[in-house]
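A short worksheet on the structure shown next.
The values are calculated or read from the model by the stated rules, or taken from the named source; none is laboratory data. Computed from a predicted structure; not experimentally measured. With ideal geometry, Cβ positions are generated from the backbone for all residues, glycine too; neighbour counts draw on all protein chains shown. These area figures cover heavy atoms from the full protein model, side chains too; ligands, DNA and RNA do not enter into them. Shrake-Rupley method; radii C 1.70, N 1.55, O 1.52, S 1.80 Å.
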Amino acid sequence: MSSATPSPVPSSAHGHHKRHSILPAVSQSGPKPPVQFSSSCTIADSALLTGPHTIIVSTESVIHPRARLESLGGRVTVGRRCIVHERACLGAADLQGRYHKGSPDKEGRSMGAVTLGDYVTVEVGAQVESGGTVIGEGTTVGIGTRVGAGAIVGKHCTLTANSTVAAGEVIPDYTVIYSNGLRRIDRRGVSDLKNKAQARQIDVLRRMIPSNPGKFQ
């Protein structure tokens, strides 16, 4: 009796497949911005980068499929080892549809639309408005959170899901903000452990997400 021929194993069963978004493609309309990319960053083909000002993505940072980086209000800077998830937006308009420009610094240079420090995570659907808005090193901007124009969020903060930071607000380092408005200071001293965990996650994401920075250059 002849043995049955084994069925071929689908490619998705092997451990080397890349991650693709299952959501509809985003529109790529709008001006194509000047960009400065680290050679080690990961930028998904279906990310959306638009606007007249420079967009900077630094060493080993990961921009997921369908993430939006909008430089309509000024420069957008993503620090080292940051993660920007699907449908998150850096440089977003405010709730009235306005894009705010950053105030000039002491040397008269624009602060840019949005600046992320190193090891920042911006989770799914979070909106960081343009207008000199700064997210400090090691901070997590939770799912569906909105950070208003010109807000300064300190280092190693946690903005939990669906929380809000008002326009122009200054948030001290290590602050935890909840969706009901309550706040506390996180005194656990785990920032180094969180940064190491972020680096490990990035190593995984870089193998999973097909990167195509040349599309935007």
Cα-based Rg / Dmax (Å) for segment 71-158: 11.8, 36
The long-range amide H neighbours of Ile43, using H built 1.01 Å from N in the peptide plane and a cut-off of under 5 Å, are Ile63, Asn212
Rounded to the nearest 0.05, what FRET efficiency do Leu182 and Thr54 give with R0 = 45 Å and r taken as the Cβ-Cβ distance? Could you check? 0.75
List the residues, sorted by chain then number, that are 5 or more residues from Ala167 or on another chain and whose placed amide H is less than 5 Å from its amide H. Gly148, Ala149
Ordering of 133-139, 122-128 by burial proxy (mean other Cβ atoms within 10 Å per residue, highest first): 133-139, 122-128
Solvent-accessible area per residue for segment 99-185 (1.4 angstrom probe, square angstrom): 43 Å²
Applied in sequence order to segment 117-128, the curve 6.51 cos²θ - 1.76 cosθ + 1.60 (Karplus, θ = phi - 60°) yields integer Hz couplings, x standing for Gly and Pro, of x, 6, 6, 8, 10, 10, 7, 3, x, 6, 10, 10
Hz values of 3J(HN,Hα) by residue in segment 65-70 - Karplus curve (6.51, -1.76, 1.60), Gly and Pro given as x: x, 6, 5, 10, 10, 10
Nearest 0.05, what FRET efficiency do Ser40 and Asn162 give at R0 = 35 Å with Cβ-Cβ as r? 0.60
The summed charge of the Pro52 Cβ neighbourhood (under 14 Å; Lys/Arg +1, Asp/Glu -1) stands at +2
Please list, in order along segment 207-213, the HN-Hα scalar couplings obtained from phi with the Karplus expression 6.51 cos²θ - 1.76 cosθ + 1.60 (θ = phi - 60°), rounded to whole Hz, x for Gly and Pro. 7, 8, 9, x, 9, 9, x
Residues whose modelled amide H sits under 5 Å from the amide H of Val35, counting only those 5 or more places away in sequence or on another chain, are Ile55
Counting just the Cα atoms, what span does segment 93-209 cover along each of its three principal axes? Round to the nearest Å and put the largest first. 37, 34, 28
Let me check against my output: what whole-number percent is the relative contact order of segment 32-182, with C-alpha pairs under 8 Å and at least 6 apart? 15 percent
